[in-house]
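What follows is a single structure, written as structure tokens, with notes after it.
The values are calculated or read from the model by the stated rules, or taken from the named source; none is laboratory data. What you see is a predicted model, and the numbers here were worked out from it, not measured in a lab. Cβ placement follows ideal geometry from the backbone for every residue including glycine, while neighbour counts extend to all protein chains displayed.
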Amino acid sequence: MFKNKSYIGISFIILIFGIYAVPKIVDRVTNGEVVKGNRLDNVGSKDSKSDAKLIKIGPAPKFELTNQNNAKVSNETYKGKVYVLEFFFTTCPSICPKMNLSMLEIEKTFFGNPNFGIVSITIDPNHDTPQVLKEHAKLLGVKSSNWNFLTGDKATIMDLSNKGFNLYAGENEKVSGGFEHSGLFALIDKDGNIRCRKDEFGNPNIYYDGLDKKGVRDIQEDIKILLAE
């Protein structure tokens, strides 16, 4: 008996809901408003391209240095190209080998694309002459003609790193190798602007961690976005 009353009660509630809700639903379908609901609106208007749009930080600092082939290379050399830039030195015993592997992975992903390049600037130019850089590139197995290893005046390079890109580099006799530097990569678009993605809080992650698998994966995804622009 109790079960029968429960079924009757539930049926009554469903009937009342139907009387109230069905006409409203019919009206919305008739007026074409069903697809305009707030939840569907949020899903439908979500544009993956706009979500993936990278922040423009500003123009990359200008530079003109000498590459491994004794040729002058500047930011103008990369005009119209997307490129990744790092600071390193060939005798670095700590983070550079890992950075090298990360950059080689990036090179492999975009090898053969004339609109992509890499810039590796030494912070130890007294040792890293063009010839040393050429041997270093050969040792790494670099294949891309758009990957330039650059050297030049030490003070100019240190200013470019610390004041231009705000990527730390400095001499320190107490550390192995005698130099300290950041393991971060800068991403520059075809117009010469530094670009990056946002973090989970909407803040710009200006540079990409060349020592971290996620950082390398992120920069490869973002290179593809910039190449498509």
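Identify, from the list LEU150, LEU187, the residue that is in contact (Cβ under 8 Å) with a residue 24 or more places away in the chain, in contact with a Leu (Cβ under 6 Å, 6 or more places away or on another chain), assigned to a strand (DSSP E or B) and under 18 Å from ILE106 (Cβ atoms).
Values: LEU187 fails: in contact with a Leu (Cβ under 6 Å, 6 or more places away or on another chain).
Only one candidate qualifies: LEU150.
Residue check, ASN205 against (1) surrounded by 18 or more Cβ atoms within 10 Å (Cβ to Cβ); (2) farther than 14 Å from GLU86 by Cβ; (3) in contact with an Asp or Glu (Cβ under 7 Å, 6 or more places away or on another chain), all met but one. Which one?
(1)
All but one of (1) assigned to a loop (DSSP other than H, G, I, E, B); (2) surrounded by fewer than 21 Cβ atoms within 10 Å (Cβ to Cβ); (3) polar (S, T, N, Q); (4) in contact with a strand residue (DSSP E or B) (Cβ under 8 Å, 6 or more places away or on another chain) hold for ASN70, so report the exception by its number.
Just one mismatch for ASN70, condition (4).
Would you call PRO125 within 25 Å of the chain's Cα centre (by Cα), modelled with pLDDT of 95 or more and assigned to a loop (DSSP other than H, G, I, E, B)?
Details: within 25 Å of the chain's Cα centre (by Cα): no; modelled with pLDDT of 95 or more: yes; assigned to a loop (DSSP other than H, G, I, E, B): yes.
Criteria not met by PRO125.
Can you tell me which residue is surrounded by the fewest Cβ atoms within 10 Å (Cβ to Cβ) among those in region 128-181 that are at pLDDT below 95 and closer than 15 Å to ASN100 by Cβ?
Filtering region 128-181 for residues that are at pLDDT below 95 and closer than 15 Å to ASN100 by Cβ, the one surrounded by the fewest Cβ atoms within 10 Å (Cβ to Cβ) comes out as GLY177.
Among the candidates GLU64, GLU107, GLU76, which residue alone is of a type in the set (Asp, Glu) and under 13 Å from PHE185 (Cβ atoms)?
On the way: GLU64 fails: under 13 Å from PHE185 (Cβ atoms); GLU76 fails: under 13 Å from PHE185 (Cβ atoms).
GLU107 is the lone residue from the list that is of a type in the set (Asp, Glu) and under 13 Å from PHE185 (Cβ atoms).
Can you find a residue in region 41-55 that is assigned to a strand (DSSP E or B) and either closer than 25 Å to ARG217 by Cα or modelled with pLDDT of 50 or more (or both)? Steps first, please.
Step one: of region 41-55, the residues assigned to a strand (DSSP E or B) are 55.
Still in the list and also either closer than 25 Å to ARG217 by Cα or modelled with pLDDT of 50 or more (or both): 55.
Yes: one or more hits.
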